[in-house]
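Reviewing the structure listed below.
The values are calculated or read from the model by the stated rules, or taken from the named source; none is laboratory data. Not measured: the values here are computed from a predicted model. Methodologically, a virtual Cβ is constructed for each residue, glycine included, from the backbone with ideal geometry; neighbour enumeration extends over all protein chains shown. Note: accessible area is taken over every heavy atom of the protein model, side chains too, but ligands, DNA and RNA are not part of it. Shrake-Rupley method; radii C 1.70, N 1.55, O 1.52, S 1.80 Å.
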Amino acid sequence: MRLCVIGCGYVGLVTGACLAEAGHEVFCTDIDADRINKLNEGGVPIYERHLGQILQSARKARRISFTSNAGEAIRAAKAIFICVGTPPKESGEADLSAIDHCARQIAVEADSPKLVIEKSTVPARTGLELTRALRAYGRSSDAHFRVASNPEFLREGTAVDDFFHPDRIVVGVEEQSSVEELREIYTPILERRFHCPTHNGSCPAGPRGEFLVTTINSAELIKHASNSFLALKISYANVIADLCERIGADVEEVTHAMGLDPRIGGQFLKAGLGFGGFCFPKDVQAFVHLAASVGVDFDILKAAERVNKERIDRFMEKVHKALWVVKGKHVALLGLAFKANTDDVRFAPALEVLKRLLVEGASVHASDPEAIGRTKALFPDVHYHDDPYSALQKADVALVCTEWEEYKKLDWARAGKTMARKLIVDGRNLYSPASIRALGFEYDSFGRS
Ligand code: UGA
């Protein structure tokens with residue numbers, strides 16, 4: 001099918017590239033002309049595993065193209081995916097101006113019937129407004145619009161894998177014809193008719209994703225409800241960690257045992273510096289805001305948000321306790337990205353820590369496998385090291401802020417020989433306290449007294 005993707009951020013690019021790899025013809029567009037130029041020159045503007053590979057294969061098969069001319073892309077396609085950003089406003093409410101802009105653009109440019117699919121994360125009832133805007137601004141009597149919601153559940157760092165191996169594909173629709181069209185779009189994914197870059201073409205047998213048909217309002221709610229629940233789970237684990245510290249228990253033992261209960265599940269119970277990124281913090285805020293706007297008080301989510309913000313305070317308390325005076329200390333900061341396998345530093349807990357260290361006058365030596373470039377633009381006055389061992393030389397303390405595999409495997413015996421003081425404050429509980437202490441380190445982490 002001929003598809004259009006509006007917005008070439010990580011969701012748009014992964015959606016476009018994966019659907020092209022699955023056999024569709026995809027026309028991508030973005031208002032950022034530099035981004036389109038880069039894509040046309042064969043570049044990949046974001047770091048996302050396997051994305052470069054599938055983009056290259058789709059380009060080679062001439063199944064994907066990029067243009068700044070949105071009208072051209074809109075007219076070429078039968079179905080249009082809206083993948084633009086919905087950043088938070090000061091109030092926490094989602095800023096839907098980019099969605100509104102897309103609606104007007106589609107309405108004005110379309111000259112034939114279109115299925116308009118919201119993929120961006122939006123509050124419930126956005127579909128209704130989108131339908132209204134498309135009708136209000138439509139110019140051509142030949143253009144009839146149907147709206148659908150198809151939330152994405154892609155995690156940065158594993159987005160391509162998530163797209164190709166979904167546990168569910170949710171489609172919120174108003175008309176049966178939209179279900180059929182969306183099923184046609186996703187059939188190659190559900191039937192695994194694509195070249196899988198993760199499994200080099202042959203995915204292991206296992207449960208296939210479920211294709212769920214709902215109303216548009218439900219589909220929109222499913223996305224916010226899922227992200228907010230996961231955020232809630234993380235904050236819950238973090239409060240358990242605080243409790244473990246006071247009581248003298250080990251949070252890893254507690255959450256591991258909890259997670260073995262299939263009703264709870266072991267994922268997203270990792271205590272530490274808390275959640276960041278461009279999804280959880282903003283989605284929690286937007287969900288609280290949406291609930292309040294219809295008279296529902298989502299106190300439990302507000303608490304999750306507060307607990308998450310306080311993780312930075314808890315971490316800094318540990319840093320102060322260990323270092324006494326921070327001013328003038330050489331601090332090695334390991335990890336800048338909001339989580340491993342991404343270069344994204346938006347709402348990254350590590351950057352909150354970095355800010356506080358700078359305010360207190362520490363000399364910060366930061367390292368990250370992917371996120372130095374993006375951080376440098378925000379904090380030019382920090383010493384950056386591609387090699388973590390170089391950041392650790394002469395350091396008074398190592399602060400671990402992102403759960404990179406590289407850091408789990410770090411040779412601390414080697415690093416310890418070059419540090420001014422053998423001290424680690426681990427914000428992601430990466431190491432076994434006993435083995436690190438056996439190397440002669442002072443060590444603190446979350447929830448392991
Ligand atoms: C999240 C969801 O997991 C995706 O399903 C969703 O599609 C996406 O948001 C989105 O809305 O687009 P993502 O933001 O990429 O994906 O990151 P996660 O892997 O969910 O991690 C979020 C944060 O939670 C990270 O800062 C991570 O370090 C932290 N985290 C995660 C914990 O602190 N503890 C855990 O146990 C798990």
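When only residues in the range 118-176 that are away from the ligand (no atom under 16 Å from the Cβ) and among the hydroxyl-bearing types (Ser, Thr, Tyr) count, which is surrounded by the fewest Cβ atoms within 10 Å (Cβ to Cβ)?
Kept after step one, since they are away from the ligand (no atom under 16 Å from the Cβ), are these residues of the range 118-176: 125, 127-148, 173-176.
Now drop any that are not among the hydroxyl-bearing types (Ser, Thr, Tyr), which leaves 131, 137, 140-141.
Numbers: 131: 17, 137: 14, 140: 13, 141: 7.
Filtering the range 118-176 for residues that are away from the ligand (no atom under 16 Å from the Cβ) and among the hydroxyl-bearing types (Ser, Thr, Tyr), the one surrounded by the fewest Cβ atoms within 10 Å (Cβ to Cβ) comes out as 141.
Take residue 291 and decide whether it is open to solvent by less than 20 Å² (accessible area, probe 1.4 Å) and in contact with a Phe, Trp or Tyr (Cβ under 6 Å, 6 or more places away or on another chain). Working first, answer last.
Working: open to solvent by less than 20 Å² (accessible area, probe 1.4 Å): yes; in contact with a Phe, Trp or Tyr (Cβ under 6 Å, 6 or more places away or on another chain): yes.
Yes.
Report the residue count in the range 167-195 for those that are under 21 Å from residue 84 (Cα atoms) and assigned to a loop (DSSP other than H, G, I, E, B).
1
So residue 107 fits all but one of (1) of a type in the set (A, V, I, L, M); (2) touching a residue at least 60 places away in the same chain (Cβ under 8 Å); (3) not in a strand (DSSP E or B); what number is the exception?
For residue 107, the exception is condition (2).
It is to be established whether one or more residues within the range 9-17 are hydrophobic (A, V, I, L, M, F, W, C), touching a helix residue (DSSP H, G or I) at 6+ places or on another chain (Cβ under 6 Å), in contact (Cβ under 8 Å) with a residue 40 or more places away in the chain and open to solvent by 10 Å² or more (accessible area, probe 1.4 Å).
No, there is no match, as no residue in the range 9-17 is hydrophobic (A, V, I, L, M, F, W, C), touching a helix residue (DSSP H, G or I) at 6+ places or on another chain (Cβ under 6 Å), in contact (Cβ under 8 Å) with a residue 40 or more places away in the chain and open to solvent by 10 Å² or more (accessible area, probe 1.4 Å).
Name the one entry in 257, 225 that is within 16 Å of the ligand (Cβ to nearest atom), under 23 Å from the mean Cα position of the chain (by Cα), assigned to a helix (DSSP H, G or I) and among the small types (Gly, Ala, Ser). Walk me through it before giving the result.
Details: 257 fails: under 23 Å from the mean Cα position of the chain (by Cα).
When all the criteria are applied, what remains is 225.
Let's see how each residue does on (1) free of Cβ contacts under 8 Å to residues at least 60 places away in the same chain; (2) touching a strand residue (DSSP E or B) at 6+ places or on another chain (Cβ under 8 Å); (3) open to solvent by less than 20 Å² (accessible area, probe 1.4 Å):
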site: 346; (1), (2), (3): no, no, no
site: 354; (1), (2), (3): yes, yes, yes
site: 358; (1), (2), (3): yes, yes, no
site: 361; (1), (2), (3): yes, no, no
site: 366; (1), (2), (3): yes, yes, yes
site: 371; (1), (2), (3): yes, no, yes
site: 377; (1), (2), (3): yes, no, no
site: 386; (1), (2), (3): yes, yes, no
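Quick one: which strands (runs of 3 or more DSSP E) lie wholly within the range 287-393 and hold at least 3 residues that are of a type in the set (Gly, Ala, Ser) and farther than 15 Å from residue 407 by Cβ? Walk me through how you get there before you give the answer.
Values: elements: 330-334, 363-367, 383-385.
Once the strands (runs of 3 or more DSSP E) in the range 287-393 are filtered for at least 3 residues that are of a type in the set (Gly, Ala, Ser) and farther than 15 Å from residue 407 by Cβ, nothing remains.
Of all residues in the range 71-98, which are open to solvent by less than 10 Å² (accessible area, probe 1.4 Å) and in a helix (DSSP H, G or I)?
71, 73, 74
Given 211, 194, which one is crowded, with 16+ Cβ neighbours inside 10 Å and modelled with pLDDT under 95?
Working: 211 fails: modelled with pLDDT under 95.
Going through 211, 194 in turn, the sole match is 194.
Take the range 260-274 and flag every residue that is open to solvent by 40 Å² or more (accessible area, probe 1.4 Å) and within 15 Å of the ligand (Cβ to nearest atom).
Listed by number, the residues that qualify are 264, 266, 267, 268, 270.
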